[in-house]
Amino acid sequence: MKAVVKTRPEPGAELMDVNVPEIKPDGVLVKVLSTSICGTDFHIYEWNQWAKQRIKNLPQIMGHELCGQVLETGSNVRHINIGDIISAETHIACGHCFQCLTGNKHICQNVKIFGVDIDGVFAEYAVVPAKNAWVIKEDIPKELISVMEPLGNAIHTVLSGEIAGQVVLITGCGPIGLMSIAVARTCGATRIIATEINHFRRELAKEVGADIVLNPIETDIVATVLKETRNLGVDVVLEMSGHPEAIDQGFKVLRPGGRYSILGIPSKPVTIDITNGIVFKYANVNGINGRLMYKTWFQTTRFLASHRLNINPIITHHFSLEEFEKGMELMRSGNCGKILLSP
Ligand SMILES: [Zn+2]
Ligand SMILES: [Zn+2]
(Lines give C-alpha, C1' and ligand atoms only; values in the text may rest on other atoms or scores of the structure.)
(Ligands and ions follow the chains in the order given, each with its own letter.)
Protein backbone atom coordinates (compact mmCIF):
# COMPACT_ATOMS: atom_id res chain seq x y z
CA MET A 1 0.00 0.00 0.00
CA LYS A 2 1.00 3.63 -0.42
CA ALA A 3 1.94 5.55 2.73
CA VAL A 4 3.60 8.82 3.69
CA VAL A 5 6.58 7.73 5.77
CA LYS A 6 8.95 9.73 7.93
CA THR A 7 12.10 7.81 7.07
CA ARG A 8 14.97 9.85 8.49
CA PRO A 9 15.64 12.25 11.39
CA GLU A 10 15.71 15.29 9.12
CA PRO A 11 13.13 17.54 7.37
CA GLY A 12 10.83 15.86 4.83
CA ALA A 13 8.97 12.58 4.33
CA GLU A 14 8.51 10.08 1.51
CA LEU A 15 5.61 8.46 -0.29
CA MET A 16 6.48 4.75 -0.22
CA ASP A 17 5.10 1.30 -0.86
CA VAL A 18 4.82 -0.53 2.46
CA ASN A 19 3.04 -3.64 3.75
CA VAL A 20 -0.59 -3.42 4.79
CA PRO A 21 -0.42 -3.38 8.63
CA GLU A 22 -1.30 -6.56 10.50
CA ILE A 23 -4.45 -6.61 12.55
CA LYS A 24 -4.26 -7.61 16.25
CA PRO A 25 -7.02 -9.50 18.16
CA ASP A 26 -8.18 -6.22 19.78
CA GLY A 27 -7.91 -4.07 16.66
CA VAL A 28 -9.67 -3.24 13.42
CA LEU A 29 -8.22 -2.82 9.94
CA VAL A 30 -9.67 0.10 8.00
CA LYS A 31 -9.51 1.38 4.48
CA VAL A 32 -8.59 5.04 4.91
CA LEU A 33 -11.26 7.25 3.29
CA SER A 34 -9.96 10.62 4.44
CA THR A 35 -7.23 12.04 6.63
CA SER A 36 -6.21 15.58 7.48
CA ILE A 37 -2.96 17.34 8.24
CA CYS A 38 -2.45 18.54 11.81
CA GLY A 39 0.13 20.98 13.16
CA THR A 40 1.78 17.97 14.80
CA ASP A 41 2.29 16.30 11.40
CA PHE A 42 3.80 19.51 10.09
CA HIS A 43 6.21 19.71 13.03
CA ILE A 44 7.28 16.12 12.37
CA TYR A 45 7.64 16.85 8.66
CA GLU A 46 9.72 19.96 9.39
CA TRP A 47 11.64 18.06 12.07
CA ASN A 48 11.52 20.90 14.59
CA GLN A 49 12.94 20.86 18.11
CA TRP A 50 9.87 19.16 19.57
CA ALA A 51 9.88 16.42 16.90
CA LYS A 52 13.59 15.79 17.41
CA GLN A 53 13.16 14.90 21.05
CA ARG A 54 9.69 13.30 20.81
CA ILE A 55 9.88 10.96 17.78
CA LYS A 56 11.74 7.77 18.57
CA ASN A 57 10.77 5.08 16.07
CA LEU A 58 11.77 5.80 12.48
CA PRO A 59 10.75 4.85 9.88
CA GLN A 60 7.13 5.57 10.83
CA ILE A 61 3.94 6.27 8.86
CA MET A 62 2.79 9.83 9.53
CA GLY A 63 -0.68 11.18 10.32
CA HIS A 64 -3.37 10.64 12.95
CA GLU A 65 -6.66 12.27 11.90
CA LEU A 66 -8.82 9.61 10.33
CA CYS A 67 -12.03 8.63 8.63
CA GLY A 68 -11.95 4.94 7.71
CA GLN A 69 -14.18 2.05 6.75
CA VAL A 70 -13.73 -1.20 8.65
CA LEU A 71 -12.50 -4.07 6.45
CA GLU A 72 -11.62 -6.61 9.13
CA THR A 73 -12.09 -6.94 12.87
CA GLY A 74 -9.79 -8.73 15.34
CA SER A 75 -10.94 -11.95 17.02
CA ASN A 76 -11.76 -10.18 20.32
CA VAL A 77 -13.74 -7.32 18.77
CA ARG A 78 -17.50 -7.53 19.34
CA HIS A 79 -18.95 -4.03 19.03
CA ILE A 80 -17.61 -3.04 15.60
CA ASN A 81 -18.78 -4.53 12.31
CA ILE A 82 -17.23 -4.84 8.89
CA GLY A 83 -18.36 -1.86 6.81
CA ASP A 84 -18.67 0.50 9.80
CA ILE A 85 -17.37 4.03 9.30
CA ILE A 86 -15.07 5.18 12.06
CA SER A 87 -13.08 8.13 13.28
CA ALA A 88 -10.36 7.52 15.85
CA GLU A 89 -9.32 8.87 19.20
CA THR A 90 -5.62 9.26 18.55
CA HIS A 91 -4.45 8.99 22.17
CA ILE A 92 -4.09 5.31 22.97
CA ALA A 93 -4.38 5.09 26.74
CA CYS A 94 -2.75 2.25 28.70
CA GLY A 95 -5.84 1.58 30.80
CA HIS A 96 -3.98 0.84 34.05
CA CYS A 97 -2.11 3.99 35.20
CA PHE A 98 -3.40 6.42 37.85
CA GLN A 99 -4.92 8.75 35.25
CA CYS A 100 -6.64 5.97 33.33
CA LEU A 101 -8.09 4.51 36.51
CA THR A 102 -9.40 7.86 37.76
CA GLY A 103 -11.36 8.91 34.69
CA ASN A 104 -8.63 10.87 32.94
CA LYS A 105 -7.58 8.63 30.05
CA HIS A 106 -6.84 11.69 27.91
CA ILE A 107 -3.80 12.42 30.08
CA CYS A 108 -2.65 8.79 30.45
CA GLN A 109 0.94 8.64 31.67
CA ASN A 110 1.81 5.96 29.11
CA VAL A 111 -0.10 7.43 26.18
CA LYS A 112 0.83 6.42 22.65
CA ILE A 113 -0.25 8.57 19.72
CA PHE A 114 -0.76 7.54 16.08
CA GLY A 115 1.87 9.00 13.79
CA VAL A 116 3.95 10.08 16.81
CA ASP A 117 4.75 6.90 18.78
CA ILE A 118 3.36 4.28 16.38
CA ASP A 119 2.48 4.05 12.69
CA GLY A 120 -0.14 6.58 11.62
CA VAL A 121 -2.86 6.92 9.02
CA PHE A 122 -1.42 8.78 5.99
CA ALA A 123 -1.80 5.51 4.09
CA GLU A 124 -4.29 3.43 2.15
CA TYR A 125 -4.97 1.18 5.15
CA ALA A 126 -4.48 1.51 8.90
CA VAL A 127 -5.02 -0.52 12.06
CA VAL A 128 -6.77 1.04 15.05
CA PRO A 129 -7.24 -0.50 18.51
CA ALA A 130 -10.97 -1.21 18.79
CA LYS A 131 -11.17 0.83 22.03
CA ASN A 132 -9.98 3.88 20.03
CA ALA A 133 -12.32 3.41 17.07
CA TRP A 134 -15.28 5.80 17.20
CA VAL A 135 -18.12 4.35 15.12
CA ILE A 136 -20.21 6.90 13.27
CA LYS A 137 -23.84 5.91 12.75
CA GLU A 138 -24.98 9.47 12.08
CA ASP A 139 -25.18 11.23 8.75
CA ILE A 140 -21.84 13.08 8.80
CA PRO A 141 -19.73 13.67 5.64
CA LYS A 142 -16.42 11.78 5.65
CA GLU A 143 -14.42 15.02 5.35
CA LEU A 144 -15.86 16.13 8.67
CA ILE A 145 -15.29 12.71 10.25
CA SER A 146 -11.54 13.00 9.72
CA VAL A 147 -11.46 16.39 11.45
CA MET A 148 -13.40 15.19 14.50
CA GLU A 149 -10.17 14.77 16.42
CA PRO A 150 -9.06 18.45 16.22
CA LEU A 151 -12.69 19.56 16.45
CA GLY A 152 -12.78 17.61 19.71
CA ASN A 153 -9.83 19.68 20.95
CA ALA A 154 -11.81 22.84 20.17
CA ILE A 155 -14.98 21.55 21.83
CA HIS A 156 -13.03 20.37 24.88
CA THR A 157 -11.46 23.84 25.20
CA VAL A 158 -14.58 25.92 24.62
CA LEU A 159 -16.74 23.78 26.93
CA SER A 160 -14.19 23.57 29.76
CA GLY A 161 -16.03 26.49 31.42
CA GLU A 162 -19.03 28.76 30.97
CA ILE A 163 -19.50 29.99 27.40
CA ALA A 164 -23.16 31.01 26.85
CA GLY A 165 -23.59 34.75 27.21
CA GLN A 166 -19.84 35.29 27.47
CA VAL A 167 -17.54 37.72 25.72
CA VAL A 168 -14.67 35.64 24.37
CA LEU A 169 -11.21 36.38 23.04
CA ILE A 170 -9.66 33.68 20.86
CA THR A 171 -5.96 34.24 20.25
CA GLY A 172 -4.72 32.43 17.13
CA CYS A 173 -6.90 31.30 14.21
CA GLY A 174 -5.27 28.11 13.01
CA PRO A 175 -7.79 25.32 12.33
CA ILE A 176 -8.51 24.65 16.03
CA GLY A 177 -8.82 28.38 16.78
CA LEU A 178 -11.25 28.69 13.86
CA MET A 179 -13.21 25.66 15.04
CA SER A 180 -13.36 27.19 18.52
CA ILE A 181 -14.93 30.33 17.06
CA ALA A 182 -17.63 28.22 15.40
CA VAL A 183 -18.24 26.19 18.58
CA ALA A 184 -18.36 29.29 20.81
CA ARG A 185 -20.80 30.89 18.37
CA THR A 186 -23.08 27.83 18.35
CA CYS A 187 -22.92 27.62 22.15
CA GLY A 188 -24.14 31.15 22.62
CA ALA A 189 -21.07 33.32 23.18
CA THR A 190 -22.46 36.82 22.72
CA ARG A 191 -19.29 38.44 21.40
CA ILE A 192 -16.24 36.79 19.88
CA ILE A 193 -13.01 38.68 19.33
CA ALA A 194 -10.27 36.84 17.43
CA THR A 195 -6.63 37.70 16.81
CA GLU A 196 -4.52 36.35 13.97
CA ILE A 197 -1.55 37.62 11.95
CA ASN A 198 -2.38 35.76 8.71
CA HIS A 199 -4.80 37.55 6.37
CA PHE A 200 -6.27 34.34 4.90
CA ARG A 201 -7.10 33.03 8.37
CA ARG A 202 -8.54 36.36 9.52
CA GLU A 203 -11.03 36.16 6.63
CA LEU A 204 -11.96 32.61 7.68
CA ALA A 205 -12.42 33.79 11.27
CA LYS A 206 -15.06 36.27 10.09
CA GLU A 207 -16.71 33.59 7.99
CA VAL A 208 -17.14 31.18 10.89
CA GLY A 209 -18.57 33.73 13.29
CA ALA A 210 -16.04 36.06 14.89
CA ASP A 211 -17.51 39.54 15.52
CA ILE A 212 -14.19 41.37 15.62
CA VAL A 213 -11.00 40.09 14.00
CA LEU A 214 -7.75 41.88 14.81
CA ASN A 215 -4.26 41.70 13.38
CA PRO A 216 -1.78 41.91 16.28
CA ILE A 217 0.89 43.29 13.95
CA GLU A 218 -1.21 46.36 13.08
CA THR A 219 -3.39 46.75 16.15
CA ASP A 220 -2.75 47.36 19.84
CA ILE A 221 -4.67 44.29 21.03
CA VAL A 222 -4.83 45.23 24.71
CA ALA A 223 -6.06 48.79 24.09
CA THR A 224 -8.59 47.67 21.47
CA VAL A 225 -10.07 44.80 23.48
CA LEU A 226 -10.35 46.97 26.61
CA LYS A 227 -12.05 49.68 24.58
CA GLU A 228 -14.46 47.16 23.04
CA THR A 229 -15.36 45.82 26.49
CA ARG A 230 -15.66 49.25 28.19
CA ASN A 231 -12.53 48.55 30.19
CA LEU A 232 -13.94 45.43 31.82
CA GLY A 233 -12.02 42.92 29.71
CA VAL A 234 -13.28 39.63 28.28
CA ASP A 235 -14.97 36.88 30.30
CA VAL A 236 -13.06 34.09 28.57
CA VAL A 237 -9.71 33.81 26.79
CA LEU A 238 -9.07 30.75 24.61
CA GLU A 239 -5.37 30.68 23.77
CA MET A 240 -4.71 28.87 20.50
CA SER A 241 -1.50 30.44 19.21
CA GLY A 242 1.28 29.39 21.58
CA HIS A 243 2.76 32.83 20.97
CA PRO A 244 4.30 34.51 24.07
CA GLU A 245 2.93 37.96 23.21
CA ALA A 246 -0.57 36.65 22.57
CA ILE A 247 -0.46 34.77 25.88
CA ASP A 248 0.59 37.94 27.71
CA GLN A 249 -2.06 40.07 25.99
CA GLY A 250 -4.69 37.52 26.95
CA PHE A 251 -3.87 37.90 30.64
CA LYS A 252 -3.96 41.70 30.33
CA VAL A 253 -7.45 41.75 28.81
CA LEU A 254 -9.05 38.99 30.90
CA ARG A 255 -11.61 40.46 33.28
CA PRO A 256 -11.19 39.79 37.01
CA GLY A 257 -12.64 36.37 37.80
CA GLY A 258 -12.46 35.31 34.16
CA ARG A 259 -11.46 32.00 32.60
CA TYR A 260 -8.26 31.49 30.63
CA SER A 261 -8.05 28.16 28.77
CA ILE A 262 -4.83 27.29 26.99
CA LEU A 263 -4.51 24.83 24.11
CA GLY A 264 -1.73 26.61 22.16
CA ILE A 265 1.73 25.16 22.70
CA PRO A 266 4.61 27.64 23.05
CA SER A 267 7.89 26.27 21.69
CA LYS A 268 9.81 27.62 24.69
CA PRO A 269 9.04 28.51 28.33
CA VAL A 270 7.05 31.75 28.52
CA THR A 271 7.15 34.50 31.16
CA ILE A 272 3.76 35.25 32.74
CA ASP A 273 2.85 38.05 35.15
CA ILE A 274 1.32 35.74 37.77
CA THR A 275 0.77 38.55 40.29
CA ASN A 276 -1.39 40.76 38.11
CA GLY A 277 -2.49 38.31 35.44
CA ILE A 278 -3.65 35.47 37.68
CA VAL A 279 -3.55 36.04 41.47
CA PHE A 280 -4.98 39.56 41.92
CA LYS A 281 -7.20 38.89 38.92
CA TYR A 282 -8.65 35.80 40.61
CA ALA A 283 -8.31 34.10 37.23
CA ASN A 284 -9.17 30.49 36.45
CA VAL A 285 -6.42 29.12 34.24
CA ASN A 286 -6.67 25.66 32.75
CA GLY A 287 -4.60 23.68 30.26
CA ILE A 288 -6.35 21.52 27.68
CA ASN A 289 -4.94 18.28 26.36
CA GLY A 290 -6.70 15.92 23.98
CA ARG A 291 -10.37 15.09 24.25
CA LEU A 292 -12.30 13.61 27.17
CA MET A 293 -12.75 9.92 26.49
CA TYR A 294 -15.41 9.73 25.43
CA LYS A 295 -17.61 12.59 26.57
CA THR A 296 -16.02 14.96 24.05
CA TRP A 297 -16.59 12.43 21.25
CA PHE A 298 -20.30 12.24 22.01
CA GLN A 299 -20.46 16.04 21.98
CA THR A 300 -18.47 16.27 18.73
CA THR A 301 -20.73 13.72 17.04
CA ARG A 302 -23.87 15.49 18.19
CA PHE A 303 -22.62 18.90 17.04
CA LEU A 304 -21.83 17.55 13.57
CA ALA A 305 -25.02 15.51 13.27
CA SER A 306 -27.07 18.58 14.25
CA HIS A 307 -25.61 20.54 11.30
CA ARG A 308 -25.54 23.58 13.58
CA LEU A 309 -21.80 24.02 13.50
CA ASN A 310 -20.40 26.24 10.76
CA ILE A 311 -17.06 24.50 10.16
CA ASN A 312 -17.22 23.75 6.44
CA PRO A 313 -15.35 26.97 5.52
CA ILE A 314 -12.43 25.77 7.68
CA ILE A 315 -11.73 22.87 5.32
CA THR A 316 -9.94 24.79 2.60
CA HIS A 317 -7.91 22.24 0.62
CA HIS A 318 -8.22 18.68 -0.52
CA PHE A 319 -5.21 16.74 -1.86
CA SER A 320 -4.37 13.16 -2.69
CA LEU A 321 -1.81 11.30 -0.58
CA GLU A 322 0.70 11.74 -3.42
CA GLU A 323 0.38 15.51 -3.07
CA PHE A 324 1.19 15.61 0.66
CA GLU A 325 4.16 17.90 0.04
CA LYS A 326 1.84 20.54 -1.42
CA GLY A 327 -0.15 20.34 1.79
CA MET A 328 2.97 20.78 3.91
CA GLU A 329 4.00 23.81 1.82
CA LEU A 330 0.62 25.37 2.45
CA MET A 331 0.95 24.66 6.16
CA ARG A 332 4.25 26.54 6.10
CA SER A 333 2.63 29.56 4.42
CA GLY A 334 -0.33 29.59 6.81
CA ASN A 335 -2.62 30.34 3.86
CA CYS A 336 -4.94 27.46 4.65
CA GLY A 337 -7.46 26.13 7.10
CA LYS A 338 -7.69 22.38 7.42
CA ILE A 339 -6.06 20.37 4.62
CA LEU A 340 -7.51 16.97 3.76
CA LEU A 341 -5.48 14.15 2.25
CA SER A 342 -7.23 11.19 0.70
CA PRO A 343 -5.65 8.02 -0.59
ZN1 LIG B 1 -4.49 16.44 15.17
ZN1 LIG C 1 -2.83 5.13 31.36
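Matching residues to (1) more than 16 Å from ligand 2 (Cβ to nearest atom); (2) in contact with a helix residue (DSSP H, G or I) (Cβ under 8 Å, 6 or more places away or on another chain):
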position	(1), (2)
Tyr45	yes, yes
Lys52	yes, no
Gln60	yes, no
Gly63	yes, yes
Thr73	yes, yes
Thr90	no, yes
Thr102	no, no
Gly115	yes, yes
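Considering the conditions (1) outside any strand (DSSP E or B); (2) buried (at least 21 other Cβ atoms within 10 Å of the Cβ); (3) of a type in the set (A, V, I, L, M), Ala164 is excluded by exactly one of them, (2). Within segment 254-267, the set of residues being loosely packed, with under 13 Cβ neighbours inside 10 Å and more than 20 Å from the chain's Cα centre (by Cα) comprises Pro256, Gly257.
Restrict the check to segment 119-126 and report whether at least one residue is of a type outside the set (A, V, I, L, M, F, W, C), over 20 Å from the mean Cα position of the chain (by Cα), crowded, with 20+ Cβ neighbours inside 10 Å and at pLDDT 95 or above.
yes
Just for segment 316-343: of the residues that are at negative phi and among the small types (Gly, Ala, Ser), which one is surrounded by the fewest Cβ atoms within 10 Å (Cβ to Cβ)? So the residue we want is Ser333. Taking the condition in contact with a Phe, Trp or Tyr (Cβ under 9 Å, 6 or more places away or on another chain), crowded, with 24+ Cβ neighbours inside 10 Å and in a helix (DSSP H, G or I), does Gly152 pass? Criteria met by Gly152. All conditions in (1) touching a Pro at 6+ places or on another chain (Cβ under 6 Å); (2) surrounded by fewer than 15 Cβ atoms within 10 Å (Cβ to Cβ); (3) closer than 17 Å to Pro129 by Cβ hold for Gly74, with the sole exception of (2).
The values are calculated or read from the model by the stated rules, or taken from the named source; none is laboratory data. Quantities reported herein were computed from a predicted structural model and do not represent experimental measurements. Quick reminder, even Gly has a Cβ in these numbers, built from the backbone with ideal geometry, and neighbours come from all protein chains shown.
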